[in-house]
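A.B. asks: This is the structure I have questions about; it appears just below.
The values are calculated or read from the model by the stated rules, or taken from the named source; none is laboratory data. Just so it is clear, the structure is predicted and the values come from calculations on it, not from any experiment. Counting neighbours? That spans all protein chains shown, and the Cβs are built from the backbone with ideal geometry, glycine included.
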Amino acid sequence: MPRRLPEKTRNAKRKLRRRGSKRRYRPSKRTLFTTAPVQENQEMEVVIDDIGSRGDGIAKIQGYLIFVPNSKIGERAKVRIVSVGGKFAVAEKIV
């Protein structure tokens, strides 16, 4: 059984509780790239800068990531773009 409040506080106005900050961080909804700097089936020469978590080489063109399987850091490779996404593309090596 809930406890009853005294008569003088039962009908008193209560303060609104403030939940969270009014100045929340809200990132802008604009995209970083409007279009990808590469297209499918495009051939280009890239330099592998880094290795991804799955072992794929990572090249960058204008800040856009391109994943190249079976490559090593520092390798210069001629690649063909297989698929293009919003934030990255996947390429295959051309022999």
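A.B. asks: Within region 54-95, which residues are surrounded by 14 or more Cβ atoms within 10 Å (Cβ to Cβ) and outside any strand (DSSP E or B)?
C.D. replies: Result: Asp56, Pro69, Ser71, Glu75.
A.B. asks: Of everything in region 75-94, what is touching an Asp or Glu at 6+ places or on another chain (Cβ under 6 Å) and of a type outside the set (Val, Ile, Thr)? Give them in sequence order. First the steps, then the outcome.
C.D. replies: Pass one, region 75-94, residues touching an Asp or Glu at 6+ places or on another chain (Cβ under 6 Å): 78, 80-82, 84.
Selection gives Lys78, Arg80.
A.B. asks: Could you grab me the full set of residues in region 54-68 that are closer than 13 Å to Phe88 by Cβ, of a type outside the set (A, V, I, L, M, F, W, C) and out of contact with any Ser or Thr (no Cβ under 6 Å at 6 or more places or on another chain)? Break it down into steps so the answer makes sense when it comes.
C.D. replies: Of all residues in region 54-68, those closer than 13 Å to Phe88 by Cβ come to 54, 56-68.
Still in the list and also of a type outside the set (A, V, I, L, M, F, W, C): 54, 56-57, 60, 62-64.
Arg54, Asp56, Lys60, Gln62, Gly63, Tyr64, listed by residue number.
Residues are listed down the side, and each one gets a yes or a no for (1) at pLDDT 95 or above; (2) at positive phi:
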{"site": "Gly20", "(1), (2)": "no, yes"}
{"site": "Lys29", "(1), (2)": "no, no"}
{"site": "Gln62", "(1), (2)": "no, yes"}
{"site": "Val68", "(1), (2)": "yes, no"}
{"site": "Val84", "(1), (2)": "yes, no"}
{"site": "Ala89", "(1), (2)": "yes, no"}
{"site": "Val95", "(1), (2)": "no, no"}
